[in-house]
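Reading through the structure tokens given below for one structure.
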Amino acid sequence: MTDLRLPLGGLKFSVRVAIVCTRDGHLLTNTGPGEFGPGFHFLPGGAVAVNEDTLSAARREWQEEVGVAPGPLRLVGVVENFFGPPEKRQHELGFYYHMEAPADVPDGVFATLDHAEMSCQWVAFGALAEVAVYPLVVRELLDVPVGVVRHFVNREG
């Protein structure tokens, strides 16, 4: 499977999906040492593959990371995300799907299945001012009404 990640014009361009998974006023994030440092939080998801639609990619990425079948997914946002230091600048087109957490998703902190150094962690909505989850526009995607898809251009770094 070839991911939609390409070096273009001095930056990396990618198409990504992310799952805005919520349960009882909490958001599921991925965190770990990673290239951005300890405590860096982002949403479960990953690159869309060539010839793969974004909904299928979201289901696949969820299953690969969490290991349980996804619940119903609803597109809530499209984010044009520009980030990274000048020498590693990235342009990412992200499709964000909301999902209420299936009952078999563990509470607390648990390891992701596809990256041993990463873990999933629930963050209370009220703590999102102190715990930055990237991209920062994620907070705007927590209460998108049914039938609405929000669009953001996000520039960080």
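The values are calculated or read from the model by the stated rules, or taken from the named source; none is laboratory data. Please read these numbers as outputs of a predicted model, since none were measured by experiment. Reconstructed Cβ throughout: ideal geometry from the backbone, glycine too, with neighbour counts over all protein chains shown. Note: areas computed on protein heavy atoms with side chains; ligands, DNA, RNA excluded. Shrake-Rupley method; radii C 1.70, N 1.55, O 1.52, S 1.80 Å.
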>> List pairs: first residue in segment 67-90 and over 16 Å from residue 137 (Cα atoms) and among the β-branched types (Val, Ile, Thr), second residue open to solvent by 60 Å² or more (accessible area, probe 1.4 Å) and assigned to a loop (DSSP other than H, G, I, E, B) anywhere in the structure, Cβ distance under 8 angstrom, at least six positions apart or on different chains.
In response: 68/104
> In segment 48-106, how many residues are assigned to a strand (DSSP E or B), open to solvent by 20 Å² or more (accessible area, probe 1.4 Å), over 21 Å from residue 2 (Cα atoms) and aliphatic (A, V, I, L, M)?
Replying inline: 2
>> Consider segment 107-140. How many of its residues are under 20 Å from residue 97 (Cβ atoms), touching a Gly at 6+ places or on another chain (Cβ under 9 Å) and among the hydroxyl-bearing types (Ser, Thr, Tyr)?
In response: 1
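I'd like the full set of residues that are out of contact with any Cys (no Cβ under 7 Å at 6 or more places or on another chain) and either modelled with pLDDT under 95 or among the aliphatic types (A, V, I, L, M) (or both), limited to segment 92-101. Reasoning before the result, please.
First, pick out the residues of segment 92-101 that are out of contact with any Cys (no Cβ under 7 Å at 6 or more places or on another chain): 92-98, 100.
Once the filter is applied, which keeps residues that are out of contact with any Cys (no Cβ under 7 Å at 6 or more places or on another chain) and either modelled with pLDDT under 95 or among the aliphatic types (A, V, I, L, M) (or both), segment 92-101 yields only 93.
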> Of the residues in segment 7-23, how many are modelled with pLDDT of 95 or more and either assigned to a loop (DSSP other than H, G, I, E, B) or within 12 Å of the chain's Cα centre (by Cα) (or both)?
Replying inline: 7
> residue 134 fails exactly one of the following numbered conditions: (1) among the aromatic types (Phe, Trp, Tyr); (2) farther than 30 Å from residue 8 by Cα; (3) open to solvent by 60 Å² or more (accessible area, probe 1.4 Å). What is the number of that condition?
Replying inline: (2)
